[in-house]
Structure formats: C-alpha cells, structure tokens
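The values are calculated or read from the model by the stated rules, or taken from the named source; none is laboratory data. Note that the structure is a prediction, hence the values are computed from the model and not measured. Reconstructed Cβ throughout: ideal geometry from the backbone, glycine too, with neighbour counts over all protein chains shown.
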Ligand SMILES: [Zn+2]
C-alpha cells in the first residue's frame, strides 16, 4: 500500500461535511450532519484568515505524498447533496477553494434513500448536469459506491462491482476522471482497501478520526468530522491541534 514518504511534515486535516443546509426541526434524525450555510461561510472565512488553502483530494495528493508542503486542508462532502452545489459552491469559489464531493452513482438525481431506514429526511442529490456544474466550478467528484452499501455485508464480487463500476459510471456521466473514493458509513475491511486500489483510485477516506500523518495508508485516510455542533473555536482545535488525533482509534 502506498504511504507517506517524507518526514517532517505537519499533519494534514481532511474535513468531512455532509449537508450544507439550515437544520431541519428539532426531533429530526441526524441533525448533526447539517452545517448551516452561515456556519460554513464562517468556517471557510476562518480557514482563509488563518492562511489555509482548502483543497480537493486531487489537489491535496502532492501534499499527502510529501512532494510539497504547505498550510493546506482537504475539504470533502459525502453523498452528493444538491445543497453542496447551491450553498457550498459559491462560498468555496469566494475563497478560491476546491473540494471533493463523493457521489453514489446509482442515486444521481435521486435522494438519500439509503438513510430512510434510519428515519433521516430525504434530500435531493445532484443529477448529472449538476455534477458537471460542480466540476465546472472548480470542484471534484469522487466515488462513494453505486448504492451506498455496507461493504462488509456483501460478497467480494458485489463489493468489487460497487467500487469499480461506481468509478466508471461517474466518469461516463461527467466525462472526467474519478480518482478518489470514500467508504460508505466508514465501513471497510482490508480486502476492500485492496479493491479500491486495484480499481485505480489514488486515495480512499474513512470515518476514522484524526489528521493525516506520515505513514498513513492512502487507501485508509482519517478525516475530521464537522458537525452542526462544531462551533468555531472547536473547528480551530480540530484543524490546528492534536484534538482529533487523540480521538483516533488505536
Ligand atoms: Zn455516505
């Protein structure tokens, strides 16, 4: 497995967002996964003020590979919500940031139906034309399987198909290369990481908490969750200190 080669590199945070939208009413499930457009704007402004550059996974790769160093942070969005395009893109562009949105190829233009069992409200996902607008706005599309599956619950052939065909389907839809993957629910086993690499992805992100460190496996990168409850001082702690690294499972 590829890993960081260079020493003396400071940890790189990769932020995880889901929906950039005003939170649904009290009592709705998973309200924590909503970051309001106002909070997102404040977070992007803080990054900019602190001198960070927000980058997509492709733009982050030379830093993760230790080829160059700099004050950078990865910005990722899981699932492909339309509100990423409508609410996050204008702010990303204002600050000159790029990001990667991980898309479920068989749910493009539909809703997050995989969440309905958990009682989570259905929200529109970007369709193919909207994904192309996302790309045209300087952002990146990554893969999140064809059906947002729990990989450990399926046989190897199904998992390989969910991983590899998602890439092919998204590439056909967007007419652009899809180089980065994210495990749905953060669930994967060693075999799945190998499948992701064999499918030709350059990185894969997880829900393991922490900032990326020297020696991390590019097919199992940790991230830093940003939730509705992530107030600005905590946001800074997560980025700039060992706060998240201490929450990384052994
Ligand atoms: Zn997801």
Checklist entry - Where residues in the stretch 70-90 are in contact (Cβ under 8 Å) with a residue 60 or more places away in the chain, away from the ligand (no atom under 15 Å from the Cβ) and closer than 14 Å to residue 19 by Cβ, which of them is surrounded by the fewest Cβ atoms within 10 Å (Cβ to Cβ)? => result 87
Checklist entry - Counting only residues that are part of a loop (DSSP other than H, G, I, E, B), within 25 Å of residue 115 (Cα to Cα) and away from the ligand (no atom under 14 Å from the Cβ), how many does the stretch 173-206 have? => result 2
Next on the checklist: I'd like to verify a number: residues in the stretch 56-94 that are assigned to a strand (DSSP E or B) and under 14 Å from the mean Cα position of the chain (by Cα), how many?
Outcome noted: 8
Checklist outcome for this item: Among residues of the stretch 119-140 being more than 14 Å from the ligand (Cβ to nearest atom) and touching a residue at least 60 places away in the same chain (Cβ under 8 Å), the residue surrounded by the most Cβ atoms within 10 Å (Cβ to Cβ) is 140
Next on the checklist: Every residue in the stretch 95-118 that is part of a loop (DSSP other than H, G, I, E, B), free of Cβ contacts under 8 Å to residues at least 40 places away in the same chain, surrounded by 15 or more Cβ atoms within 10 Å (Cβ to Cβ) and within 16 Å of the ligand (Cβ to nearest atom), please.
Outcome noted: 112
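Hey, can you tell me all the residues within the stretch 141-156 that are within 13 Å of the ligand (Cβ to nearest atom) and either surrounded by fewer than 16 Cβ atoms within 10 Å (Cβ to Cβ) or not in a strand (DSSP E or B) (or both)? Walk me through how you get there before you give the answer.
Of the residues in the stretch 141-156, the ones within 13 Å of the ligand (Cβ to nearest atom) are 142-151.
Result: 144, 145, 146, 147, 148, 149, 150, 151.
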Checklist entry - Consider residue 159 against the criteria (1) within 16 Å of the ligand (Cβ to nearest atom); (2) in a helix (DSSP H, G or I); (3) within 17 Å of the chain's Cα centre (by Cα): it satisfies all of them except one. Which criterion is unmet? => result (3)
Checklist outcome for this item: Filter the stretch 36-69 for residues that are at pLDDT below 95 and more than 28 Å from residue 184 (Cβ to Cβ); the one that is surrounded by the most Cβ atoms within 10 Å (Cβ to Cβ) is 66
Item to check | Condition check for residue 230: surrounded by fewer than 21 Cβ atoms within 10 Å (Cβ to Cβ) and out of contact with any helix residue (DSSP H, G or I) (no Cβ under 8 Å at 6 or more places or on another chain) | outcome: no
